[in-house]
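Trainee: Below are the structure tokens for one structure; questions will follow.
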Amino acid sequence: MRIGVLALQGAFIEHEKKVRELGAEAVEVRLPEDLEGLDGLIIPGGESTTIGKLAVEYGLIEPLRAFAHEKPTWGTCAGMIFLAKDIGIDRQPILGLMDMQVNRNAFGRQIDSFEVDLRISALGEKPFHAVFIRAPAVTAVGPGVEVLARLEDGRIVAAQSGHLLATAFHPELTNDTRLHAYFLHLARNGSQR
Ligand code: GLN
């Protein structure tokens, strides 16, 4: 199985390591042709404005949209912002694919970064240690979107819509490979929409 990792900016190397650890091939995606023959794509955390600008510059917006329509695509943190349909900011380029509203600066400056043990029922009983870094949160989801995890205050931090997956935190920064395994499972099963 070949999994692409969008390698324009941000934490792409850590995702590649996780993908390889699980026995799949990791491919860095910088140009539209890099998407050919991939079974899935991970859009990493980083800075969504930069990722958006570079994606426009490299002619990647439409190819990424076409890819994510067909194939499992997972956005983490900035990648979740990039995947969302609505971020309340008109000028910022996004793919606008996943039917959810995302607040980019959900946690303000007071708690820029924090870690928390999250219950994600799709992964079983054991909580997932989630690292949030200037993280976004999902403020509303459309009818086809399933909520996978919430913080104790109710804020949505993981969601899935068919073969599209979004997490507000950085699962590539911990030793837990369960979310990557979950995504590889989606990629193995192909498009479900
Ligand atoms: N706040 C960042 C943004 O708006 C996301 C941070 C991250 O990906 N760790 O893109």
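Trainee: Which cross-chain or sequence-distant (5 or more) residues have an amide H under 5 Å from the amide H of MET98, H modelled 1.01 Å from N in plane?
Mentor: Placed amide hydrogens put ALA84, LYS85 under 5 Å from MET98.
Trainee: Still on this model: Return ILE43, ILE156 ranked ascending by Cβ neighbour count within 10 Å, so the fewest neighbours appear first.
Mentor: Arranged by neighbour count, lowest to highest, ILE43, ILE156 become ILE156, ILE43.
Trainee: Can you return the lysines within cross-link range of LYS126? Criterion is Cα-Cα under 20 Å, with same-chain partners fewer than 8 residues away left out.
Mentor: The qualifying lysines are LYS18.
Trainee: Does the chain come out rounded, prolate or oblate, given a ≥ b ≥ c as the square roots of the eigenvalues of its C-alpha gyration tensor, rounded meaning a/c under 1.5 and, failing that, prolate meaning a/b above b/c?
Mentor: Here the chain falls in the rounded category.
Trainee: Considering amide H positions built from the backbone, and no H for Pro or chain starts, which residues 5 or more places from GLU28, or on another chain, come under 5 Å of its amide H?
Mentor: For GLU28, the qualifying residues are VAL5.
Trainee: Could you check what % of the DSSP bridge pairs in the stretch 1-98 are antiparallel, to the nearest 5?
Mentor: 0
Trainee: Could you give the length gained by full extension between SER121 and GLN101, i.e. 0.36 nm per residue of separation minus their alpha carbon distance, to one decimal place?
Mentor: 5.0 nm
Trainee: Next up: Please arrange THR73, THR139 by how many other C-beta atoms lie within 10 Å of their C-beta, fewest to most.
Mentor: Values: THR73 30, THR139 16.
Ranked by crowding around the Cβ, least crowded first: THR139, THR73.
Trainee: Going through the stretch 28-89, which GluC sites (Glu not before Pro) have at most 16 other Cβ atoms within 10 Å and a DSSP loop state?
Mentor: GLU36, GLU47
Trainee: If you don't mind, there's one more thing I want to ask. What is the mean projected area of the alpha carbon convex hull for the stretch 1-51, to one decimal in square nanometres?
Mentor: For the stretch 1-51, the mean projected area of the Cα convex hull comes to 3.2 nm².
Trainee: Sequence-distant or interchain residues sharing an amide H contact under 5 Å with ALA137, placed H: which?
Mentor: Amide H neighbours of ALA137: ASN103, ALA106.
Trainee: Also, I was wondering about something else. Where does the chain land at 222 nm, in deg cm²/dmol rounded to the nearest 500, when only DSSP H runs of n ≥ 4 count, each adding -39500 (n - 2.57), divided by all residues?
Mentor: -7000 deg cm²/dmol
Trainee: Now for a different question. With a cut-off of 8 Å between alpha carbons and a minimum separation of six or more residues, what is the relative contact order of the chain in percent?
Mentor: RCO, the chain: 19 percent.
Trainee: So which GluC sites (Glu not before Pro) in the stretch 114-192 pass both tests, a DSSP loop state and at most 10 other Cβ atoms within 10 Å of the Cβ?
Mentor: Numbers: sites: GLU115, GLU125, GLU146, GLU152, GLU172; in loops: GLU125, GLU152.
Hits after loop and neighbour filter: GLU125, GLU152.
Trainee: What aspartates and glutamates does LYS17 reach when the alpha-carbon gap must be under 13 Å and sequence neighbours fewer than 8 apart in one chain are set aside?
Mentor: By straight Cα distance, LYS17 reaches GLU25, GLU28, GLU172, ASP176.
Trainee: Once phi is turned into θ = phi - 60°, what whole-Hz ³J(HN,Hα) does the Karplus curve with 6.51, -1.76 and 1.60 give for every residue of the stretch 117-133, x standing for Gly and Pro?
Mentor: 8, 9, 8, 10, 4, 4, 9, x, 5, 5, x, 9, 6, 10, 9, 9, 10
Values in this text are rule-based calculations from the coordinates and carry no lab data. From a predicted model like this one, the values you see are computed outputs, not experimental measurements. Neighbour counts are summed over all protein chains in view; Cβ atoms, including those assigned to glycine, are modelled from backbone coordinates with ideal geometry.
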